[in-house]
Amino acid sequence: MSENLYLPSTTNRQEIYESLLPQIKALTSGESDLTANLANISAALKEAFNFFWVGFYLKKENQLVLGPFQGSIACTRIHFNKGVCGHAYTTKEIVIVPDVEAFPGHIACSSASKSEIVLPAKDKNGEVFLVLDVDSDELNDFSEVDAEGLSQIIQLIEEMAI
């Protein structure tokens with residue numbers, strides 16, 4: 001296991017994701033504890049991209065409950081039908097929000113958050129068991145490049161949970 005990330009000297013997110021993915025695989029391989037792996041994944045994403053907030057909400061009973069994250073304090077519980085995380089959970093789809101103020105029902109855990117991407121992770125039965133939530137303090141900061149790069153990380157997480 002490596003304690004350092006080696007990131008290319010570029011702002012090209014696709015190149016950063018391509019460099020980061022094998023390092024996350026190496027970081028999490030051999031570790032069976034999902035919480036430990038989620039903690040390292042959120043730290044790696046925060047370090048690689050300097051996103052405002054990166055973290056996970058895990059399905060617990062009838063809510064999404066805050067899990068490992070990097071960034072400022074966060075909402076602890078989110079109902080399935082509330083906010084961007086709840087929308088991603090209920091639709092089982094990636095949600096990219098260019099301006100959180102324009103998203104109906106957005107939950108403002110921090111007024112500094114301006115745009116957001118949320119990706120659901122599904123178990124072997126196709127049920128969502130957590131969501132990855134990434135916030136930026138810039139408007140329109142996420143694109144299909146982020147959706148693709150983060151989807152590859154979600155795929156790793158889904159394989160861990162099997």
Whichever residue in region 59-77 is part of a loop (DSSP other than H, G, I, E, B) and touching a residue at least 40 places away in the same chain (Cβ under 8 Å) and, among such residues, is nearest to LEU34 (Cα to Cα): GLY71
Which listed residue, of LYS82, LYS46, is buried (at least 16 other Cβ atoms within 10 Å of the Cβ) and at pLDDT below 95: LYS82
So PHE80, is it aromatic (Phe, Trp, Tyr) and free of Cβ contacts under 8 Å to residues at least 60 places away in the same chain: yes
Sole residue being more than 20 Å from SER42 (Cβ to Cβ), out of contact with any Leu (no Cβ under 8 Å at 6 or more places or on another chain) and of a type in the set (Phe, Trp, Tyr), chosen from PHE80, PHE142, PHE103: PHE103
From ALA43, ALA48, residue being under 24 Å from TYR6 (Cα atoms), assigned to a helix (DSSP H, G or I) and touching a helix residue (DSSP H, G or I) at 6+ places or on another chain (Cβ under 7 Å): ALA48
Candidates LYS60, LYS114, LYS25, filtered to the one that is within 18 Å of GLY149 (Cβ to Cβ) and open to solvent by 40 Å² or more (accessible area, probe 1.4 Å): LYS25
Filter result (in contact with a helix residue (DSSP H, G or I) (Cβ under 7 Å, 6 or more places away or on another chain) and either surrounded by 20 or more Cβ atoms within 10 Å (Cβ to Cβ) or closer than 16 Å to TRP53 by Cα (or both)) within region 136-148: ASP146
Conditions (1) closer than 24 Å to GLY126 by Cα; (2) in contact with a strand residue (DSSP E or B) (Cβ under 8 Å, 6 or more places away or on another chain); (3) polar (S, T, N, Q); (4) assigned to a loop (DSSP other than H, G, I, E, B): number failed by ASN81: (2)
Residue in region 93-111 that is open to solvent by less than 50 Å² (accessible area, probe 1.4 Å), on the phi < 0 side of the Ramachandran plot and in a helix (DSSP H, G or I) present: yes
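The values are calculated or read from the model by the stated rules, or taken from the named source; none is laboratory data. This is a predicted model, so every value here is computed, not measured. Neighbour counts are summed over all protein chains in view; Cβ atoms, including those assigned to glycine, are modelled from backbone coordinates with ideal geometry. The protein model used for the area step is the full one, side chains on, heavy atoms only, and it has no ligands, DNA or RNA in it. Shrake-Rupley method; radii C 1.70, N 1.55, O 1.52, S 1.80 Å.
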